[in-house]
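To start, the structure itself, in C-alpha coordinates.
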Amino acid sequence: MKKALDVEILGQKFTISSDAEEGYMLKVAGYVDGKMQELMRSPKSVAKTNVAMLAALNIADEYHRLKDTHEAILNRLDQLSKKLSITLTEDG
(Lines give C-alpha, C1' and ligand atoms only; values in the text may rest on other atoms or scores of the structure.)
Protein backbone atom coordinates (compact mmCIF):
# COMPACT_ATOMS: atom_id res chain seq x y z
CA MET A 1 0.00 0.00 0.00
CA LYS A 2 1.43 3.36 -1.01
CA LYS A 3 2.34 5.78 1.73
CA ALA A 4 2.75 9.53 1.38
CA LEU A 5 5.71 11.21 2.99
CA ASP A 6 6.79 14.85 3.10
CA VAL A 7 10.47 15.40 2.33
CA GLU A 8 12.63 18.45 1.77
CA ILE A 9 15.07 18.69 -1.10
CA LEU A 10 17.16 21.80 -1.55
CA GLY A 11 14.87 23.68 0.82
CA GLN A 12 11.72 22.80 -1.09
CA LYS A 13 9.06 20.50 0.35
CA PHE A 14 7.75 17.59 -1.69
CA THR A 15 5.20 14.89 -0.96
CA ILE A 16 6.28 11.54 -2.32
CA SER A 17 4.32 8.28 -2.46
CA SER A 18 5.84 4.83 -2.38
CA ASP A 19 5.33 1.26 -1.26
CA ALA A 20 8.79 1.42 0.32
CA GLU A 21 9.44 1.85 4.03
CA GLU A 22 9.56 5.40 5.36
CA GLY A 23 13.21 5.06 6.36
CA TYR A 24 14.16 4.03 2.84
CA MET A 25 12.20 6.90 1.29
CA LEU A 26 13.93 9.37 3.64
CA LYS A 27 17.30 7.85 2.76
CA VAL A 28 16.65 8.28 -0.98
CA ALA A 29 15.39 11.84 -0.59
CA GLY A 30 18.37 12.65 1.62
CA TYR A 31 20.74 11.25 -0.98
CA VAL A 32 19.21 13.40 -3.73
CA ASP A 33 19.27 16.45 -1.45
CA GLY A 34 22.92 15.79 -0.63
CA LYS A 35 23.88 15.53 -4.29
CA MET A 36 22.07 18.78 -5.06
CA GLN A 37 23.60 20.56 -2.04
CA GLU A 38 27.02 19.40 -3.20
CA LEU A 39 26.45 21.00 -6.61
CA MET A 40 25.10 24.20 -5.03
CA ARG A 41 28.37 24.54 -3.08
CA SER A 42 30.25 24.55 -6.38
CA PRO A 43 32.24 27.75 -6.96
CA LYS A 44 30.22 28.31 -10.13
CA SER A 45 26.75 29.84 -9.82
CA VAL A 46 24.19 27.29 -10.98
CA ALA A 47 20.40 27.70 -11.26
CA LYS A 48 18.28 25.21 -9.27
CA THR A 49 16.88 23.65 -12.44
CA ASN A 50 20.41 23.08 -13.71
CA VAL A 51 21.42 21.69 -10.32
CA ALA A 52 18.58 19.17 -10.55
CA MET A 53 19.67 18.13 -14.05
CA LEU A 54 23.34 17.83 -13.06
CA ALA A 55 22.41 15.85 -9.94
CA ALA A 56 20.27 13.52 -12.06
CA LEU A 57 23.17 12.99 -14.46
CA ASN A 58 25.61 12.32 -11.60
CA ILE A 59 23.21 9.86 -9.95
CA ALA A 60 22.57 8.12 -13.29
CA ASP A 61 26.34 7.84 -13.82
CA GLU A 62 26.81 6.31 -10.36
CA TYR A 63 23.93 3.91 -10.98
CA HIS A 64 25.28 2.66 -14.30
CA ARG A 65 28.82 2.26 -12.97
CA LEU A 66 27.49 0.22 -10.04
CA LYS A 67 25.23 -1.78 -12.34
CA ASP A 68 28.16 -2.61 -14.64
CA THR A 69 30.28 -3.63 -11.64
CA HIS A 70 27.43 -5.76 -10.30
CA GLU A 71 27.00 -7.51 -13.66
CA ALA A 72 30.76 -8.17 -13.87
CA ILE A 73 30.73 -9.68 -10.38
CA LEU A 74 27.73 -11.88 -11.22
CA ASN A 75 29.46 -13.07 -14.40
CA ARG A 76 32.64 -13.86 -12.46
CA LEU A 77 30.65 -15.74 -9.81
CA ASP A 78 28.91 -17.72 -12.53
CA GLN A 79 32.27 -18.64 -14.10
CA LEU A 80 33.71 -19.69 -10.75
CA SER A 81 30.58 -21.68 -9.89
CA LYS A 82 30.78 -23.58 -13.19
CA LYS A 83 34.49 -24.22 -12.69
CA LEU A 84 33.86 -25.50 -9.16
CA SER A 85 31.02 -27.72 -10.35
CA ILE A 86 33.24 -29.25 -13.05
CA THR A 87 36.05 -29.80 -10.55
CA LEU A 88 33.71 -31.45 -8.05
CA THR A 89 32.21 -33.66 -10.76
CA GLU A 90 35.65 -34.77 -11.96
CA ASP A 91 36.83 -35.48 -8.42
CA GLY A 92 33.56 -37.07 -7.35
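The values are calculated or read from the model by the stated rules, or taken from the named source; none is laboratory data. As the structure is a prediction and not an experimental result, all values here were calculated from the model. Positions of Cβ are backbone-derived with ideal geometry, glycine not excepted, and every protein chain shown enters the neighbour counts.
Testing VAL7 on (1) in a helix (DSSP H, G or I); (2) of a type in the set (A, V, I, L, M); (3) surrounded by 10 or more Cβ atoms within 10 Å (Cβ to Cβ); (4) more than 13 Å from the chain's Cα centre (by Cα), one condition comes back false. Which one is that?
(1)
Only residues that are surrounded by 14 or more Cβ atoms within 10 Å (Cβ to Cβ) and either in contact with an Asp or Glu (Cβ under 6 Å, 6 or more places away or on another chain) or among the basic types (Lys, Arg) (or both): list them for segment 11-46, please.
Across segment 11-46, the qualifying residue is only LYS35.
Kindly indicate which of LEU88, LEU5, LEU39, LEU77 is out of contact with any Ser or Thr (no Cβ under 8 Å at 6 or more places or on another chain), modelled with pLDDT of 95 or more and not acidic (Asp, Glu).
Going through LEU88, LEU5, LEU39, LEU77 in turn, the sole match is LEU77.
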